[in-house]
1. Going by average Cβ density within 10 Å per residue, which order do the peptides 41-53, 191-203 take, highest to lowest?
2. If each of residue 413 and residue 141 carries a label point 7 Å out from its Cα toward its Cβ, how far apart are those two points in nm?
3. Please say if the stretch 245-388 is rounded, prolate or oblate, where rounded means a/c under 1.5 for a ≥ b ≥ c the square roots of the C-alpha gyration tensor eigenvalues, and otherwise the choice is prolate for a/b larger than b/c and oblate otherwise?
4. So if we plug the beta-carbon distance of residue 156 and residue 333 into 1/(1 + (r/R0)^6) with R0 = 41 Å, what FRET efficiency do we get, rounded to 0.05?
5. On a 0 to 90° scale, report how tilted helix 446-462 is relative to the longest principal axis of the chain, with both axes built from alpha carbons and the result rounded to the nearest 10.
6. Is the stretch 367-462 rounded, prolate or oblate when judged by the Cα gyration tensor, a ≥ b ≥ c being the square roots of its eigenvalues, rounded requiring a/c under 1.5 and prolate requiring a/b larger than b/c?
7. What are the residues whose amide H is under 5 Å from the amide H of residue 267, where those residues sit 5 or more places off or on another chain and H is modelled from the backbone?
8. If you average 1/r over all unlike Cα pairs in the chain and invert the result, what Kirkwood radius do you get in angstrom?
Amino acid sequence: MSNQNNQILKNTNAQILDEFNASIMFDKELYSQDIKGSIAHSQMLCEQGILTKEEQEVIESGLLQVKDEIESGKFEFSLAYEDIHMAVENRLTEIIGEPGKRLHTARSRNDQVATDFRLYVQEKSLSIKEQLKQLVDTFVNVASKHTDTLIPGMTHLQHAQPLNFGYHMLAYANMFKRDFQRFESSYERNNYSPLGSAALAGTPHNINRQSTSDKLGFTAPSAHAMDTVSDRDFALEILFNISTSMMHVSRISEELVTWSSYEFQFVRMSDEYATTSSIMPQKKNPDVPELLRGKTGRVYGNLISLFTVMKGLPLAYNKDTQEDKEGVFDSVRTIEISLKILNEVIKTMIVNVDKMENACKIGHLSATDLADFLVQKQNMPFRTAYYITKDVVEKANSLNKDISELTVEEIRESNDEIKNIDEEIVMYLDLRNSMNARTSIGGTSTKQTENQIEDFKTWLEKN
Ligand code: ARG
């Protein structure tokens, strides 16, 4: 190979390597946390007499200038500076000269990246929590309008017992409330400052970790430098929290797909959130909930991916952890847009009360009420009552009726053991009465649903 060719190959290899090694193209997302962390660090160094007041001031205003440049799109992100930490420090030194070179005293990129990334995760935990709260509020609002709207409750996707639609909505309010609490508790658990852990073992400089921790809004400095620079539990926790929320997003989306089908027609999605087919002009497709359901996959993928990155790492920092960020950024973006859109879809969906109530007349939803009646009023063992009820269901089928539509005579004719059943049974088999009979704590009766709505309102005010 000629000398010249050799040189080209070397350059190309170096370029590929730079590209391979660098994280700047994605960790630039952390620029504001990086600058915030650096300002806090410089202020602490000044308090401790490690930087002079003049040095600190020029560093701080230089960092703010870098921030401006990034935000106005003037900053040039180049592979020459591997990651956001090097890029910011380098530009700072270009702007202010000598003092810029003192900023990295008593710090390593290892505690720096751990700090930046943790700040990002903490900030996002708070904003996602806020979105979840809004979503709970939306479900509670829809619920409060439909505490008397009957909908068939299902198990195995088969008609089971009548519910009110508000109650069904509150199931999701409960899921998203737990999600909110998950973000809250992981926030508390992870709110410890890595800054000052340095490379892995702390630093001989006379730093004050409490001071940087306070400035950055952490609860306290983390307890163990080596653990802190290599630990990514906080990132895994947000990935898990997001995965769980997306699983809930996906479940309601699945119901929206089903409910908006011709077969159900329980809800109609507002035109804004339904799309048309390019070939079938009559169609309205639920692309939006389908996408919400589909996006759950990548979020699970990001969780498993980081678990896998972390599982074999020896202490302390290893470059593998650079792979921690893209998945988290992606999951955060995905949940943010998903919660926003789901919130709008739920707010604007049109509930078809008649379709829901008519569907309740299929499948003998109040059959259990007959068995319960026999147990309560005639002291019959439940299993006996169960078999008698089966006969009544058969009778109803033979008459092409729902059990809730039978006359007392028809019920009496179904089985000898109930030939004298009190005529009030007819009331018990009424679908709305059946729903309202479920007054146990957490049950579907309108009264219980209203109680639950009140509890949610109190919770929403407090949080
Ligand atoms: N870009 C690196 C990361 O994201 C920053 C830390 C680099 N530290 C090191 N010793 N190479 O993990």
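Read-outs: derived from the displayed coordinates by stated rules, not from any lab. Predicted model, so just to flag it, every value in this text is computed and none were measured. We place every Cβ from the backbone using ideal geometry, glycine too, and count neighbours over all the protein chains shown.
1. Details: 41-53: 18.2, 191-203: 21.2.
Averaged packing, sorted descending, gives the order 191-203, 41-53.
2. 5.2 nm
3. Oblate is the answer for the stretch 245-388, as a/c is 1.5 or above yet b/c matches or exceeds a/b.
4. 0.70
5. Compared with the principal axis, the helix lies near 20 degrees.
6. It is prolate, given that a/c is not under 1.5 and a/b is the larger ratio.
7. 260, 352
8. In the chain this quantity evaluates to 26.7 Å.
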